[in-house]
1. Name the shape class, rounded, prolate or oblate, that the alpha-carbon gyration tensor gives for segment 60-122, where a ≥ b ≥ c are the square roots of its eigenvalues, rounded holds for a/c under 1.5, and otherwise prolate holds if a/b is larger than b/c and oblate otherwise.
2. With a 1.4 Å probe and all protein chains kept in place, how do 49, 87 rank by accessible area, largest first?
3. Collect residues whose amide H, placed 1.01 Å from N in the peptide plane, falls under 5 Å from the amide H of residue 99; neighbours closer than 5 in sequence don't count.
4. What order do 38, 58 take when sorted by accessible area (1.4 Å probe), most exposed first?
5. How big, on average over all directions, is the shadow cast by the Cα convex hull of segment 24-89, in nm²?
6. Enumerate the calculated ³J(HN,Hα) couplings along segment 65-73 in order (Karplus 6.51 cos²θ - 1.76 cosθ + 1.60, θ = phi - 60°), each rounded to whole Hz, writing x wherever the residue is Gly or Pro.
Amino acid sequence: MSSANRLASALGVAALGLGIGGCHHAYAVRPIPRIAADSVGKPVKRLEEAFGEPRKVDATPTKAVYVWFIEQKPAGAPTGFHGCEMEITVDARTEHVLGYSLSNIGWAKCREVERKIRIAER
């Protein structure tokens, strides 16, 4: 391998390393059940970033339940109310997700609903 090829190869590897190391956040499109499961133990803030303001929040001194409705229009479904309702239980003190439940509304299937969410945090 000539010195010019080695230099070009070394520069390419260095640029790749800087590109990977310089990225603090990565985004991916994931199904709702995966997002909910991956959020357990993490701050509820990341779900608010992905889904916006919750439809409602029921709070007690020890926990809060955040509810989001993600609309879906399944092919062949009659007109009406279809989507996925996601309930997230959050520790009131730490604001970390304790658990979740998903409900299919109408003809929707939560496993088919996807959202873009940040997957890497530093």
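The values are calculated or read from the model by the stated rules, or taken from the named source; none is laboratory data. Keep in mind that this is a model prediction, so the values were computed, not measured. What goes into the accessible areas is simple: the full protein's heavy atoms, side chains included, and nothing from ligands, DNA or RNA. Shrake-Rupley method; radii C 1.70, N 1.55, O 1.52, S 1.80 Å.
1. Oblate is the answer for segment 60-122, as a/c is 1.5 or above yet b/c matches or exceeds a/b.
2. Numbers: 49 105, 87 70 Å².
Reading off the accessible areas and sorting them downward yields 49, 87.
3. HN-HN under 5 Å from residue 99: 89.
4. I get 58, 38, largest accessible area first.
5. Across all orientations, segment 24-89 yields a mean hull projection of 5.9 nm².
6. For segment 65-73, the Karplus-derived couplings read 10, 9, 10, 10, 10, 10, 5, 9, 10 Hz, x marking Gly and Pro.
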